[in-house]
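Reading through the structure tokens given below for one structure.
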Amino acid sequence: MIGIFDSGIGGLTVAREVMRALPDCPVCYLGDTARTPYGNKSPETVTRFALQDTEFLLDQGARVIVVACNSASSTAVDTLRKTFDVPLFEVITPAVETAVSLPRVKNIGVIGTRATVKSGIYERMIKERDEQKRVFQKECPLLVPLVEEGWLDKPETRMIVKKYLLPLKVRQVDALILGCTHYPLLRGIIQQKIGKRVKVIDSSQALAQALAAFLEQNPALKRDLSRDVPSLIHVTDVTEQFQTIAQRILRKNVTLTHVSL
Ligand code: DGL
């Protein structure tokens, strides 16, 4: 099984791409809905939660871990790699590599939660690859609750997105990284407000491709992952809201399993 965790619902956008790229590999998803959001918590707390999430997935039989949460990817991955001897994928690297590989992109915008923006990880990783790039970041704390309320196309959401993106628009960014699991659900509005010429980057497809390529090179592991067990979605708190949004993201009926960590 491929173990995927997020602070809650947003990581299902990553799970959806992994399921598309690797239809024969069952996914074991954990959404830590009881403790979401991670994005406004301290790095120490996010790391503690991420350790527990990973341990849970490994106990369920996961052989590969995907950290689908940007906030956890930006603060906890080093500790996870030191603690667990298992292939581990995060969502920052694929977005950074996509952004730096684009032609004619000099100014890169990054939007994310407070935890992600404060960590400075996107800027660091982009500059490590190309120090000529200029990086402009903006934390957008109101977008996660708006998505969780299902306010995906409300005038208020459009207005808030516009306000958040204004400083990046003024800087004339050429590419914009969606540095939070929830933002792909607002992609249409974000593209509209930042402008058509800006390349909007969502890491989930690139991550799924990187994972698929890794498994092609590790056929024994891939065979092991492809065992005939159903994909499962675990949550630490069951809510109607999660069920509705999960079905919207995965475009199918989902059954949630409640777990305590
Ligand atoms: N999953 C989080 C992220 O990608 C967003 C929600 C949260 O703050 O927990 O940063």
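So which residues in the stretch 103-135 are open to solvent by less than 30 Å² (accessible area, probe 1.4 Å) and part of a strand (DSSP E or B), if there are any at all?
Asn107, Ile108, Gly109, Val110, Ile111, Gly112, Val135
Condition test on Arg227, is it modelled with pLDDT under 95 and part of a loop (DSSP other than H, G, I, E, B)?
On the way: modelled with pLDDT under 95: yes; part of a loop (DSSP other than H, G, I, E, B): yes.
So Arg227 passes the test.
For the stretch 20-69, enumerate the residues that are open to solvent by 10 Å² or more (accessible area, probe 1.4 Å), in a helix (DSSP H, G or I) and within 26 Å of Gly120 (Cα to Cα).
Correct list: Pro43, Glu44, Thr45, Thr47, Arg48, Phe49, Leu51, Gln52.
Return yes or no: is Tyr183 of a type in the set (Phe, Trp, Tyr), farther than 19 Å from Gln247 by Cα and either surrounded by 20 or more Cβ atoms within 10 Å (Cβ to Cβ) or modelled with pLDDT under 95 (or both)? Let's see the steps before the verdict.
Numbers: of a type in the set (Phe, Trp, Tyr): yes; farther than 19 Å from Gln247 by Cα: no; either surrounded by 20 or more Cβ atoms within 10 Å (Cβ to Cβ) or modelled with pLDDT under 95 (or both): yes.
Considered against the rule, which asks whether it is of a type in the set (Phe, Trp, Tyr), farther than 19 Å from Gln247 by Cα and either surrounded by 20 or more Cβ atoms within 10 Å (Cβ to Cβ) or modelled with pLDDT under 95 (or both), Tyr183 comes out as no.
Name the residues in the stretch 48-96 that are over 25 Å from Asp228 (Cβ atoms), among the hydrophobic types (A, V, I, L, M, F, W, C) and in contact with a Leu (Cβ under 9 Å, 6 or more places away or on another chain), would you?
If the condition is that a residue be over 25 Å from Asp228 (Cβ atoms), among the hydrophobic types (A, V, I, L, M, F, W, C) and in contact with a Leu (Cβ under 9 Å, 6 or more places away or on another chain), then Phe49, Ala50, Leu51, Val67, Ala72, Ala76, Val77, Leu80, Phe84, Val91, Ala95 are the ones that fit.
Being surrounded by 14 or more Cβ atoms within 10 Å (Cβ to Cβ) and without any contact (Cβ under 8 Å) to a residue 60 or more places away in the chain is the filter here; which residues of the stretch 196-217 pass it?
Of everything in the stretch 196-217, just one residue is surrounded by 14 or more Cβ atoms within 10 Å (Cβ to Cβ) and without any contact (Cβ under 8 Å) to a residue 60 or more places away in the chain, namely Val200.
How about the stretch 70-92: which of its residues are within 16 Å of the ligand (Cβ to nearest atom) and either in contact with a Cys (Cβ under 7 Å, 6 or more places away or on another chain) or in a helix (DSSP H, G or I) (or both)?
Asn70, Ser71, Ala72, Ser73, Ser74, Thr75, Val77, Leu80, Ile92, listed by residue number.
I need every pair where a residue in the stretch 171-185 that is farther than 13 Å from Glu139 by Cβ has its Cβ under 8 Å from the Cβ of a residue that is open to solvent by less than 10 Å² (accessible area, probe 1.4 Å) and acidic (Asp, Glu), sequence separation at least 6 or different chains.
That search, which allows pairs on different chains as well, returns Thr181/Asp6.
Among the hydroxyl-bearing types (Ser, Thr, Tyr), within 16 Å of the ligand (Cβ to nearest atom), over 18 Å from Leu225 (Cα atoms) and without any contact (Cβ under 8 Å) to a residue 24 or more places away in the chain: is that true of Thr45 in this structure? Working first, answer last.
Numbers: among the hydroxyl-bearing types (Ser, Thr, Tyr): yes; within 16 Å of the ligand (Cβ to nearest atom): yes; over 18 Å from Leu225 (Cα atoms): yes; without any contact (Cβ under 8 Å) to a residue 24 or more places away in the chain: yes.
Judged against the criteria, Thr45 is a match.
Kindly indicate which of Leu225, Leu185, Leu211 is over 15 Å from Val110 (Cα atoms) and over 21 Å from the mean Cα position of the chain (by Cα).
Values: Leu185 fails: over 21 Å from the mean Cα position of the chain (by Cα); Leu211 fails: over 21 Å from the mean Cα position of the chain (by Cα).
After ruling out the rest, the residue left standing is Leu225.
Look through the stretch 160-198, keep the residues that are within 17 Å of Glu123 (Cα to Cα) and touching an Asp or Glu at 6+ places or on another chain (Cβ under 9 Å), and return whichever of them is farthest from the ligand (Cβ to nearest atom).
Here is the first cut: in the stretch 160-198, the ones within 17 Å of Glu123 (Cα to Cα) are 167-168, 171-180.
Right, trim to touching an Asp or Glu at 6+ places or on another chain (Cβ under 9 Å) and you get 177-178.
On the way: Ile177: 12, Leu178: 9 Å.
Looking at residues that are within 17 Å of Glu123 (Cα to Cα) and touching an Asp or Glu at 6+ places or on another chain (Cβ under 9 Å), I get Ile177.
In the set Ala99, Ala95, which member is closer than 24 Å to Asp174 by Cα, open to solvent by less than 10 Å² (accessible area, probe 1.4 Å) and away from the ligand (no atom under 16 Å from the Cβ)? Walk me through how you get there before you give the answer.
Values: Ala95 fails: away from the ligand (no atom under 16 Å from the Cβ).
Exactly one residue qualifies, and that residue is Ala99.
Within the stretch 235-253, which residues are buried (at least 16 other Cβ atoms within 10 Å of the Cβ) and either in contact with a Cys (Cβ under 7 Å, 6 or more places away or on another chain) or free of Cβ contacts under 8 Å to residues at least 40 places away in the same chain (or both)?
Once the filter is applied, which keeps residues that are buried (at least 16 other Cβ atoms within 10 Å of the Cβ) and either in contact with a Cys (Cβ under 7 Å, 6 or more places away or on another chain) or free of Cβ contacts under 8 Å to residues at least 40 places away in the same chain (or both), the stretch 235-253 yields only Gln243.
In the stretch 99-121, what residues are of a type in the set (A, V, I, L, M, F, W, C) and in contact with a Phe, Trp or Tyr (Cβ under 9 Å, 6 or more places away or on another chain)?
To start, the set of residues in the stretch 99-121 that are of a type in the set (A, V, I, L, M, F, W, C) comprises 99-100, 102, 105, 108, 110-111, 115, 117, 121.
Selection gives Ala99, Ile108, Val110, Ile111, Ala115.
Every residue in the stretch 160-179 that is outside any helix (DSSP H, G or I) and either open to solvent by less than 10 Å² (accessible area, probe 1.4 Å) or among the hydroxyl-bearing types (Ser, Thr, Tyr) (or both), please.
Narrowing the stretch 160-179 to residues outside any helix (DSSP H, G or I): 171-179.
Within the stretch 160-179, Val173, Ala175, Leu176, Ile177, Leu178, Gly179 qualify.
Would you mind stating whether Arg248 is more than 16 Å from the ligand (Cβ to nearest atom) and in a loop (DSSP other than H, G, I, E, B)? Full working, then the answer.
Numbers: more than 16 Å from the ligand (Cβ to nearest atom): yes; in a loop (DSSP other than H, G, I, E, B): no.
It is false that Arg248 is more than 16 Å from the ligand (Cβ to nearest atom) and in a loop (DSSP other than H, G, I, E, B).
The values are calculated or read from the model by the stated rules, or taken from the named source; none is laboratory data. The structure presented is a predicted model; accordingly, all values stated were derived computationally and were not measured. Note that we place each Cβ from the backbone using ideal geometry, even for glycine, and neighbour counts take in every protein chain shown. SASA here: full protein model, heavy atoms, side chains in, ligands and nucleic acids out. Shrake-Rupley method; radii C 1.70, N 1.55, O 1.52, S 1.80 Å.
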